[in-house]
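Read the structure below first, then the notes.
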Amino acid sequence: MNELELANILSRNIKKYRGNIMTQEALAEKAELSVQLINAIEGGRKWVSKSSLARIASALGVEVYQLFVPQDKTPIVIEDTPENERIRMQMTDEIVEEIRHGVNKALDRIKKESR
């Protein structure tokens, strides 16, 4: 997954979680960010800082990692057993770590380019 794909997933997911209920203006206000920044992030024209990402996720009522989960993936329903829960938690930890690594790598690249 490259930086452009991450930005596209982020953009689609912010729009998805905003839905028809929350405007960009309402999200910006709730996240204490500018409407221009929300618009630029959703439009894929600007990358988001860690603090802004956390504010957006909080304002949308989701975990940060959920903003990076591709929506074109078919969900799998798994029976709730202790063993399946342990596997689910392990997989979630691995996915979150992979996303964290990708996001940090993209942020480092952006930071280098802006210097």
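The values are calculated or read from the model by the stated rules, or taken from the named source; none is laboratory data. Note that the structure is predicted; figures quoted are calculated from it, not measured. Note: areas computed on protein heavy atoms with side chains; ligands, DNA, RNA excluded. Shrake-Rupley method; radii C 1.70, N 1.55, O 1.52, S 1.80 Å.
Here are the numbers:
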{"read-out": "The chain: angle of helix 50-60 to the longest principal axis, Cα-based, in degrees nearest 10", "value": "70"}
{"read-out": "With Cα atoms, 0 to 90° folded angle of helix 3-18 axis to the chain main axis", "value": "90"}
{"read-out": "Total lysine pairs whose alpha carbons fall under 24 Å of each other in the chain (8 or more apart, or interchain)", "value": "18"}
{"read-out": "Calculated SAXS-style log₁₀ I(q)/I(0) at q = 0.20 Å⁻¹ - the chain, Debye, Cα scatterers", "value": "-1.12"}
{"read-out": "Portion, in percent, of the accessible area of the chain that falls on carbon or sulfur, probe 1.4 Å", "value": "52"}
{"read-out": "Between 0 and 90°, nearest 10: helix 82-114 axis offset from the chain longest Cα axis", "value": "20"}
{"read-out": "Of Q66, Q36, Q24, the one that fluctuates the most in a GNM where the chain has Cα springs shorter than 10 Å", "value": "Q36"}
